Amino acid sequence: MFRNFLKTAFRSLRRNKIYTFINVAGLAVGIAACMLLFLVIQYENSFDNFHQDKNRIYRVSTHFSTADGISYSRGICFPAGKQLALDYPKLEHVASICSAQGGQVTILDENSHQPRTKFKEDGLFFTEPQFFDIFRFPFIAGNPKTALSAPNTIVLTKEAAGKYFGDWQKAMGRMIRYQDNKICKVTGILENLPVNTDFPLQVAISFKTLSDDTSHDWVSVNGGLNTYVKLSPGMSAEKFGGSLATFGAKHIPTEYVKKQGFTLQPLSTIHFDKRFGNFNRITFSKELITALSLIGLFLVVIACINFVNLATAQAVDRAKEVGVRKVLGSRKRQLVAQFLSESFLVTLAAVGIAFAIAFTVLPFLNQLLETKIILHVDMAILIFLMVVTGLVTLLSGLYPALVLSGFNPITALKSRIVNRTAAGISLRRGLVVVQFTLAQALIIGTLIVVSQMNYFKTAQMGFDKEAIVNIPVPNDSISLTKMTALKTALLQQSDIKGVSFSTFSISDNAHWGSDFTFDNSGKVSGFDADLKWADADAFKTYGLQMAAGRPYQASDTIREFVVNEMMVKKLGIRNPDQIIGKKLSFWDGQLKGEIVGVVKDFNGTSLVKPISAVVMSTWKEVYQTMAVKIRSGETKNTLAVIEKLWNNAYPESVYEYQFLDEKIANFYKQENQLSELYKIFAGIAIFISCLGLYGLVSFMATQRKKEIGIRKVLGASVANIVYLFSREFTVLICISFLIAAPLAYYFMHSWLENFTFRIPIGSGIFILTIVASVFIAWITVGYRAFRAAIANPVNSLRSE
């Protein structure tokens, strides 16, 4: 019997080719988009989910309590890791890993003397051997227990070993120089790490190789130093996490206990919690996963609405078929099964096409999101496809099946069922409203996201970011002596307007923060200052403006300070001139000096965050970035000159550069990627909705063919008939907008609250949405209505 249902369903679908095509096309596009979103969500949820005993692995991080609230750092102070192992002997493992991302490695020849090649390595970390007891990344050569137990030992991934030595099997025992002073022996090779891990590890140097001059400093927190623990079986995470307050009170100096403490973070949350972040510098929040899930659901619902609308609209044509079947003995459940079979065939065809679409589009999605998602038929994707097939079959087919199977056979055979009563035209109107409500909500949300991203690109940040090149420089003792000569040589070039050395660029996600004492008060501040170490030329190079006083004078050491307006405000001083001459002291008086100027506020990091209290001063010893301001025009030639002079100064180092505006754009990289994704999905929503509109109008044109002919005979113009078709859908779209606008405003206003600097949600976005929606609908409806309006009325009335 089921075979007969399918055969009959196939014949019915073939007989109504246009509506079958519209249903299959709409469902295929909607399901393909949903499938791609499922793959993205599955990929993001898989990060570090493959580790053995993952539920017993935690990161010990740091939280800070200040006047501005509680803030978090994934880092920890240096002595904490060793002390955790001593104070909690029941812990199965404790291990620290310290980022040295961007460090230089030089490959030495077979005799371990002459340098052969040099690389800047983004996946470089100092690692304790216990790290590989907690995270079971497999070794293919060497002993994971001893490979990093001695100083000056190094472990490479298979990929890194192949890059350095041509063949990973030739790497064992070879020598690699880290920076300019540490010669390390390769003692192990790791299998390449999976792409879905937040440890972008390529090179692991033994932790004992790291110079440890902060082994007793329980206050300074290094964001690149992470400490992980693996709880013993049966050990309570809640109890251990609660005891960290006691652990902190025992070891952190008394005056800092209330301001700073330790936090236990499960491994399962690290990829999603932006308060802490991770080594990949990318988090994917649970709220974002929920939003993408809802968008995928919306797209499938919009496609299902097309099916329901077209199926119920065809009720008049199929009424006699139902009547004949009932007279011949068909029961209602058999008719329901028959129509569900049609829905199943449409859905099955759509799923097959959707799989092909997703497979074709996935490389472009990977390129957009910079992911490595693979679409292959595994248990997860099979379950997803089966669930989607079942749900879409029921969502799109159950109601039309119940309506069509419920016709009275006598009424149906007498052709007394009319389009207005069959399945209820009010239902179709309601579904169109739902469809365009979802589509317009996506459009409004997308326009707001795009506007916010454009604001980030064009907003004034308080400094000149155009045509400034940031170049890392080595900061060992010999390299520091070459900075002045390099600056002099660069400034002799006519196309170079300014050169400045600093620890980080003027706007950077990396920063130093510290509390301080002000005006010899002896009382530690209630907030941290963002310390920016830069030479005196930074003000000219970056175009910083003074609000009071003067820039500090050139010096190699800390002598004078310049603060920003926010610092003045947080200290409770109204007039910036009043802070000139006051004293600042850091680190128990180790660094101190007089405030000589107040610089106007600038954004020292992304516009997501508020402007912090900034303290600037000179300190040549920590400079590791050079900023070069170039004239616009001959950029390529100027960059070549800069590279040549830089290589002359630092022949042993790897040259690389980045324009400051590109660096700032990378602050919003993930938001920009998602913005592009939202544009695509909003377009898909409109496409599916308009596909359904076209189908409905086509059916209406067929059903009202004689009415149109009569109207034309009585003098109706083409414009009158087009208006007749367009009026109803215009009203429905306007009703959809009245529902979508407040919903979208509510959710997008909540989203914008995540940004300190944000756009206002103006009326222009809503006006653009409704105008665009009506215009697109008019084009969709108008084209089919125009074809109906210009048809010869004689052809539709000749049988009357």
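Summary table below
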quantity	calculated
Residue within the stretch 627-641 that is among the hydrophobic types (A, V, I, L, M, F, W, C), more than 19 Å from residue 543 (Cα to Cα), surrounded by 16 or more Cβ atoms within 10 Å (Cβ to Cβ) and at pLDDT 90 or above present	yes
The stretch 243-259: number of residues that are open to solvent by less than 50 Å² (accessible area, probe 1.4 Å) and in a helix (DSSP H, G or I)	6
Residue count, the stretch 457-478 (criterion: open to solvent by less than 10 Å² (accessible area, probe 1.4 Å) and in a helix (DSSP H, G or I))	0
Scope the stretch 89-144; condition among the acidic types (Asp, Glu), closer than 14 Å to residue 156 by Cα and outside any loop (DSSP other than H, G, I, E, B); matching residues	121
So residue 56, is it at pLDDT 95 or above, open to solvent by 20 Å² or more (accessible area, probe 1.4 Å), within 28 Å of the chain's Cα centre (by Cα) and more than 30 Å from residue 566 (Cβ to Cβ)	yes
Long-range neighbours under 6 Å by Cβ, at least six apart or interchain, first residue within 16 Å of residue 116 (Cα to Cα) within the stretch 154-174, second part of a loop (DSSP other than H, G, I, E, B)	160/202; 161/171; 165/171
Selection count where residues are open to solvent by 50 Å² or more (accessible area, probe 1.4 Å) and among the basic types (Lys, Arg), scope the stretch 230-242	1
Condition broken by residue 673, with the remaining ones in (1) open to solvent by 20 Å² or more (accessible area, probe 1.4 Å); (2) in a helix (DSSP H, G or I); (3) of a type outside the set (Gly, Ala, Ser); (4) farther than 30 Å from residue 72 by Cα satisfied	(4)
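Listed here are the residues, each with its yes/no results for (1) β-branched (Val, Ile, Thr); (2) assigned to a strand (DSSP E or B); (3) more than 23 Å from residue 267 (Cα to Cα); (4) in contact with a Phe, Trp or Tyr (Cβ under 7 Å, 6 or more places away or on another chain).
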| residue | (1), (2), (3), (4) |
| --- | --- |
| 160 | no, no, yes, no |
| 173 | no, no, yes, no |
| 177 | no, yes, yes, no |
| 185 | no, yes, yes, no |
| 189 | yes, yes, yes, yes |
| 193 | no, no, no, yes |
| 197 | yes, no, no, yes |
| 208 | no, no, yes, no |
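The values are calculated or read from the model by the stated rules, or taken from the named source; none is laboratory data. Predicted, not measured: the structure shown is a model, and the values here were computed from it. With ideal geometry, Cβ positions are generated from the backbone for all residues, glycine too; neighbour counts draw on all protein chains shown. Heavy atoms of the whole protein, side chains included, go into the accessibility calculation; ligands, DNA and RNA do not. Shrake-Rupley method; radii C 1.70, N 1.55, O 1.52, S 1.80 Å.
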